[in-house]
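Only one structure is covered here, and it is reproduced in the block below.
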Amino acid sequence: MKNQVVINADIEKTTINKNIYGHFAEHLGRGIYEGIWVGEDSPIPNTNGIRNDVLEALKKLNIPVLRWPGGCFADEYHWKDGIGPRENRKRMINTHWGGVIENNHFGTHEFMMLCEMLETEPYICGNVGSGTVQEMSEWVEYMTFDGESPMANWRRENGRDEPWRLTYFGVGNENWGCGGNMRPEYYADLYRRYQTYVRNYGDNRIYKIAGGANVDDYNWTEVLMKNAHRMMDGLSLHYYTIPGEFWTGKGSATDFPDSEWFITLKKALHMNTLITKHSTIMDKYDPEKRVGLIIDEWGTWFDPEPGTNPGFLYQQNTIRDALVAGIHFNIFHAHADRVQMANIAQTINVLQAMILTEGEKMLLTPTYHVFEMFKVHHDATLLSVESSFEKYELDGDDLPQVTVSASKDADGKIHISLCNLDHQNQSDIDIDLRGMDVSSANVSGRILTADKMDAHNTFERPENVKPAEFTNVNNEGHSLSVTLPPMSVVVLAVE
Ligand code: AHR
């Protein structure tokens with residue numbers, strides 16, 4: 001059987017919110033410090049303390065939204081420690097991540113400056129676990145109030161006259177765990193209380209995100225929706241792709257057998273089940289789908305790179321991670337009516353990163369390239385897709401060999417993203433594009449692939465895995481005939 005895809009180019013569904021391509025950067029390991037912030041006096045070329053190479057690379061991704069400062073760090077972060085002259089800022093212990101000194105040199109002003117440089121929307125996560133209502137309320141006042149007020153005046157004293165625009169605010173993180181070990185009933189009440197004081201000043205309108213469930217904790221979603229859905233704009237969900245077990249061995253990022261390739265992709269596909277089930281609960285209370293499902297932490301989580309601080313969560317990134325990213329995006333697209341934002345964990349040097357650095361060196365990971373290739377779907381219109389794929393089988397288990405999604409951009413160009421999960425076999429696909437005349441269409445494509453499951457980029461060979469032109473596509477008049485090599489991510493453009 002040949003793989004079949006039917007794309008109904010004239011059946012337009014919802015808009016793919018570009019925020020699905022959002023990021024997350026926590027005060028964790030070398031994510032912020034070294035990865036982004038090197039300080040103005042660093043020998044590493046920088047602009048106002050932010051390293052130039054990373055800045056330039058991130059700009060090319062058109063990052064729509066960036067979540068900060070955590071993660072678990074958010075619920076022990078006290079924002080007032082991170083403003084004012086840097087030499088006077090409090091030094092604290094990052095108890096959650098490696099027990100290292102946090103000098104608070106990267107604080108609110110530095111984060112907002114980074115967002116301005118990247119032209120990205122800030123998404124700030126407030127502290128519910130160990131912070132007060134007053135502290136959270138004053139942070140919002142500090143950032144967004146235009147008039148005369150203690151916090152706005154303080155912001156001006158610290159060098160920022162105009163308020164910042166702040167759209168996204170999270171009321172706590174993982175409050176079922178590192179954010180306070182709460183029961184959902186208790187957190188739902190706290191959420192109601194804290195969010196009351198997250199004010200809209202002037203014309204700044206805040207999209208409030210409630211801390212959501214861990215993986216398949218459907219009761220958490222039920223309780224939050226039942227008790228607080230009218231007071232939230234978004235509800236989060238966290239799910240990491242871990243081939244092994246969280247506490248006893250997650251699996252290596254680079255040294256893995258076929259079976260771990262397979263299980264990793266199977267677990268990535270599980271995101272579809274999770275979104276479907278959490279959305280079904282949300283539908284009960286919010287059939288209009290006003291409240292967004294915000295997947296503000298996702299990605300691979302492997303054992304830390306041997307020889308590194310285990311609290312820094314540094315891992316390499318292979319073509320397997322690229323497939324995981326592509327699989328997630330195709331799933332997020334399919335649920336674009338409910339999934340309004342997603343934030344990969346995490347941008348630099350932590351977990352499934354876009355960029356790895358070592359001192360002044362920097363490399364782009366296979367995941368970076370998938371984000372860059374899929375930019376064409378930002379704010380595009382999702383198209384109706386029907387498909388039937390061969391099985392990708394291993395050790396008596398099976399997965400669909402391919403995942404797919406398609407969208408139409410503002411210029412009418414159609415983009416089709418395809419992932420061949422199979423580590424051994426190519427995939428031959430017929431793509432029937434209904435509702436448009438394909439015979440005269442121009443078709444082009446880009447591919448990310450490798451000939452080894454663990455192919456990755458190193459500081460010595462930074463371009464080992466990178467996108468190339470894709471030519472294995474024939475326009476047969478009424479349809480496209482495509483051959484995907486094993487382990488590949490392809491994006492086609494039809495115009
Ligand atoms: O991304 C790493 C950690 O994973 C985050 O701090 C936390 O929210 C989650 O458990």
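Just to verify a result, which residue in the stretch 228-248, among those that are modelled with pLDDT of 95 or more, out of contact with any Lys or Arg (no Cβ under 8 Å at 6 or more places or on another chain) and more than 16 Å from the ligand (Cβ to nearest atom), is farthest from Asn175 (Cα to Cα)?
Here is the first cut: in the stretch 228-248, the residues modelled with pLDDT of 95 or more are 228-244.
Among the residues that remain, those that are also out of contact with any Lys or Arg (no Cβ under 8 Å at 6 or more places or on another chain) are: 229-230, 235-240.
With more than 16 Å from the ligand (Cβ to nearest atom) added as a condition, the list becomes 229-230.
Numbers: His229: 17, Arg230: 20 Å.
By that ranking, first place goes to Arg230.
Taking every residue in the stretch 116-142 that is farther than 16 Å from Thr167 by Cβ and pairing it with any residue that is part of a strand (DSSP E or B) and modelled with pLDDT of 95 or more, at least 6 positions away or on another chain, the pairs with Cβ-Cβ distances below 8 Å are Met117/Thr47; Met117/Ile50; Val128/Val171; Val128/Gly211; Met136/Gly126; Met136/Val171.
Number of residues in the stretch 270-294 that are aliphatic (A, V, I, L, M) and either in contact with a Phe, Trp or Tyr (Cβ under 7 Å, 6 or more places away or on another chain) or open to solvent by 10 Å² or more (accessible area, probe 1.4 Å) (or both): the value is 3. If you go through the stretch 294-319 and keep only what is away from the ligand (no atom under 16 Å from the Cβ) and in contact with a helix residue (DSSP H, G or I) (Cβ under 6 Å, 6 or more places away or on another chain), you end up with just Ile319. Counting just the residues of the stretch 332-368 that are assigned to a helix (DSSP H, G or I), crowded, with 24+ Cβ neighbours inside 10 Å and more than 13 Å from the chain's Cα centre (by Cα), which one comes out farthest from the ligand (Cβ to nearest atom)? For the stretch 332-368, the residue satisfying everything is His333. Scanning the stretch 196-214 for residues that are under 24 Å from the mean Cα position of the chain (by Cα) and surrounded by 14 or more Cβ atoms within 10 Å (Cβ to Cβ) yields Ile206, Tyr207, Lys208, Ile209, Ala210, Gly211, Gly212, Ala213, Asn214. Among the residues of this structure, Glu148 does not count as one that is open to solvent by 20 Å² or more (accessible area, probe 1.4 Å), under 23 Å from Ala25 (Cα atoms) and more than 16 Å from the ligand (Cβ to nearest atom).
Within the set Glu76, Glu87, Glu40, the sole residue that is open to solvent by 30 Å² or more (accessible area, probe 1.4 Å) and within 16 Å of the ligand (Cβ to nearest atom) turns out to be Glu76.
The values are calculated or read from the model by the stated rules, or taken from the named source; none is laboratory data. The model shown is predicted, which means the values in this text are computed figures rather than measured ones. Cβ coordinates were reconstructed from backbone atoms using ideal geometry, including for glycine residues, and neighbour counts include every protein chain displayed. The protein model used for the area step is the full one, side chains on, heavy atoms only, and it has no ligands, DNA or RNA in it. Shrake-Rupley method; radii C 1.70, N 1.55, O 1.52, S 1.80 Å.
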